[in-house]
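The values are calculated or read from the model by the stated rules, or taken from the named source; none is laboratory data. If you're wondering where the values come from, they're calculated on a predicted model, not measured in any experiment. In this analysis, Cβ positions are derived from the backbone assuming ideal geometry, glycine residues included, and neighbour counts consider all displayed protein chains. Accessible surface is based on the protein model in full, side chains and every heavy atom, while ligands, DNA and RNA are left aside. Shrake-Rupley method; radii C 1.70, N 1.55, O 1.52, S 1.80 Å.
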Amino acid sequence: CIMALQEEYSFSLCLNGAGDPRLPSAIRGSFFDILTDLWLDRHPHSQLVIPQLLRSLPDRKTAVAEPPTFTLGREQAPDSWSPEHLRALPDEVRAFYRLSSYAKMDAVVQAVRSHLSAGPEVEQLVHSAFEDNLMMQAVLRNLSFLMRFGFVKLTSVLELLGPLLRCLDGRTDWLDFPTAEQATDTEEGEKGTENTGVRRPAEISPLLEEHNALPRADSGILTKARFPPLEKSVQRYAVSSDNNATHVAKVHMAKVLVQMSQLGMDMKIASIVQKFNEFKDGSGSFVGEVLRILDKPDLTLEQPRIRSPNSMLIDLAMYQDADLFGTALQLLLSHSLPTEDLLEQLERVRLINPQQNQILERLRLEMEDLGKLIYGFENWGVDDYFSGVEKNKLTTAEKICESLRKACREGHEGVPTFDIQAMLCQTEFFSHVLYSLKLDPTDYQHDCRGNLNALTGCLCGAAVMFIRDNPSNQTMMMQVVPYAEKLFDEVPESALLVAEVFRNNLELCNQLSESLIVHIGDLIKRERRAGHFVPWYINFFCCIITAGQQAVPRNQVLVAETVKRLTPKALLRVGKEMSAKHIQELAAKFSSPEQLADLAPSGWKDADGELIYYIYCLDLCAGLATGQSLHSMMLKPYANSIFPVSNAIRLLMVIQLPALTHGFSIHRHLRTRWFKILRLVLYDVDLKLIDTDLLTSPLHMDFLGMLLEWLAAVLGLPSANDAQRAAGSKTPAIWSVPDVNSDEVAYINEMLDCVDGFFRVPFHEIKNLELGQGLVRIAKTYQHRFSSPVRANLEKAVLLPVGEKLQVAAHRVAAAFGDPSAAQ
């Protein structure tokens, strides 16, 4: 669309139309909107992230005089449909891609400044002047984008601050144009305004001029003479069709002022970093200089003809508009507590070295390339009259996204993953993801939607790693959830992204909508009816029912109700069909370990789908059984009804870990999950849910004996006889700290958790029962194997990845048999 319109609506034409006061307000406002959408919000412009939180130490001789401004990283080729179209582009369009500084938009800044600084006629809004207010919205939207892309210098910000605040002040608004008697007399007398189509009985003279009635010109007192009539003033707070345009305009004003405040904060952060650099080199007084900077407000609301800014902002908070209330409150807090936001941002500022700065600049350039591909999709992804499909462009986008995904997962050139995620926050990456998810596939031909879905999918895949284990980035990405949900059917990566937003984030999990859970349940049932084993959707359930080791009871109940409504057999794959023999057959052919660590549709193998889906079903059962809330009294038995714990025990005893297993093992991966379900459903339960029959059964007693042997094998525990002999003699401890492979950590920890869980509650409930004496005899073997010599070496064992769990389990066993040395 941009290429089709840029020659008909040239930059000079739009600029002249926006800046000509002789044109009606509706037309001028439209030209401002065209300037914004056609010439400003487009390639090769890149949005700046303000305030900048990653900073390299500046040159001590460089003064901080300006906020960040637009610079063109490298000359960009103009967008075109074909080589012929490129050669035919006008010089004005070619020049647009070569201009490399903020000065390229100076004329637009001047047009905005000319309108906002026109005086009281603009500053005092009239609610009934619908077209004037629409134009004000367009001007403010344009100004917001100018600042977002770095085209506004500090001098312009300071010039516009006063007019914007006077426009924002709702106390001087008129509901309708004042009559001649209401308006303050002026020398010019009555004058009409042809541009709005409404004749004003008299010019609106400045109501806050010093010549109006005031005891003293510099007194802060506001008298009735300075305001419109009060009898209908309450009407300006109400939301109605008559004043909706005014309310929207004020929201834009408040948001622009927030942007200006962020620019001021960015400069203060830069000044503090510079002072630190000077202090580090042995010059300057750091603390005193920082306190002086902190004392300065980010945004000076004390402007001419603005008395009591706090009263003005409180007045704005009374409007029945949620957006206006929020932004007014944000400005009020910023003005009243000027250092709070700055100190919060300073805690997040990180100094980067030259190598990291180079990586950041490379990421910014990659984001420019990616942005050009995303926003120019119609030029290469659609086969129509203007252009054909260029698959190489999609390949380029996929390579960039895969590179980002890998860097966020593994780090890059010695820079850890968290730093790469922080660097991407300082680029347009989030903006690109949000834009792509907002696109409506129905706006494009059906045969090109595959390309669009592939582009959106690779962006979502990179975004998954961008937010992984990063609560701040998860909160940022929360904004995309409503748009991503619409793409669940065709872009499975969007479901993975939404699941990652909630993974291990308790605060966000508690904000989840019930309708989203219902939607995911319906998609799981659809896929299972079609005979597919795709885990994208059930992975979402696994992510929202627990946050780390903490249960999310509300979501557990909602997911359980959804599974029950759609029936477990229709959704899950954990029944009799998954016999030990069938699982072993699937495990023997398994070749997708990467999918278990990083689920991605791009590398999906259908042959491994059933086993992967089974593993996610086990994770779901474990998630439902996690926790000790009141809901767990219902959830643990329900999880046991889906996948009986007796099945987990049988599978653990039948499907053993192959000997000499190094690296990843699908058998170890499966056994870890069976151990977890056993612990959560059988051991980690309320006293009322203890299953005495199963605990004292031959099946469980055999399992308990084998569990000790499995632990002894991986930890090198002494035999029962050796442990008893060492305990009764003065010989040195016969157990030393073993080497534990990183791939074994989760597996060993889960077994140790089972030991801890069994001896914490169930053992004490059954040890005095007649039926439990056989179990007690087996339990005593744990006492011998986790003997005093073993516990004596646990201080060294704490250095192990499994050391903490091993300490807890050993002392739990000793305490269960009244060993005084295990008092802790």
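Structure values in brief
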read-out	value
Spin-label model distance (nm) - Ser403 vs Asp295, 7 Å beyond Cα toward Cβ	4.9
Partners for Lys605 among aspartates and glutamates (Cα-Cα distance below 15 Å; same-chain residues under 8 apart left out)	Glu594
The chain - percent of accessible surface contributed by carbon and sulfur, probe 1.4 Å	53
Lysines whose Cα lies under 16 Å from that of Lys438, excluding same-chain neighbours fewer than 8 positions away	Lys486
Average accessible surface area per residue within the chain, 1.4 Å rolling probe, Å²	45
Listed residues Phe418, Phe763 arranged by accessible area, highest first, probe 1.4 Å	Phe418, Phe763
Pairwise FRET efficiency - Leu771 versus Glu347, Cβ, R0 = 60 Å, nearest 0.05	0.55
Acute angle (nearest 10 degrees) that the helix 130-148 long axis makes with the longest principal axis of the chain, alpha-carbon atoms	60
Simple spin-label estimate for Met706 and His582 in nanometres, 7 Å along Cα-Cβ	2.1
Net charge, Leu523 excluded, C-beta distance under 12 Å - Lys, Arg +1, Asp, Glu -1	-1
Under 22 Å from Lys805, Cα to Cα: lysines that are on another chain or at least 8 residues apart	Lys676, Lys780, Lys796
Under 11 Å, Cβ to Cβ, from Ser30 - net charge with Lys/Arg +1 and Asp/Glu -1	-2
Extension gain (nm, one decimal) between Ser591 and Asp323, 0.36 nm per residue minus Cα-Cα	91.3 nm
Per-peptide average of other Cβ atoms within 10 Å, ordering 73-80, 315-322, 107-114 highest first	107-114, 315-322, 73-80
Length-normalised contact order of the chain in % [C-alpha pairs under 8 Å, at least 6 apart]	8
Theoretical gain in end-to-end length, Val234 to His662 [0.36 nm per residue, Cα-Cα removed]	146.6 nm
Between 0 and 90°, nearest 10: helix 338-348 axis offset from the chain longest Cα axis	40
Lysine-lysine proximity count for region 503-604, Cα under 21 Å, sequence distance 8 or more or distinct chains	7
Percent RCO, i.e. relative contact order, over region 251-307, from Cα pairs under 8 Å lying at least 6 residues apart	40
Ordering of 510-520, 634-644 by burial proxy (mean other Cβ atoms within 10 Å per residue, highest first)	634-644, 510-520
Efficiency of FRET from Cβ geometry, Ser311 and His532, R₀ 56 Å, rounded to 0.05	0.35
Theoretical FRET efficiency, 1/(1+(r/R0)^6), r = Cβ-Cβ of Ile690 and Glu490, R0 45 Å, to 0.05	0.40
Fraction of beta bridges assigned by DSSP in the chain that are antiparallel (%, nearest 5)	60
Folded to 0 to 90 degrees: helix 553-566 orientation relative to the chain principal axis, Cα	80
Highest-first arrangement of 648-655, 436-443, where packing means the average Cβ count within 10 Å	648-655, 436-443
Cα centroid separation, region 486-516 to region 15-88 (Å)	34
Gain upon complete extension [Phe279, Val745; 0.36 nm per residue less C-alpha separation]	163.1 nm
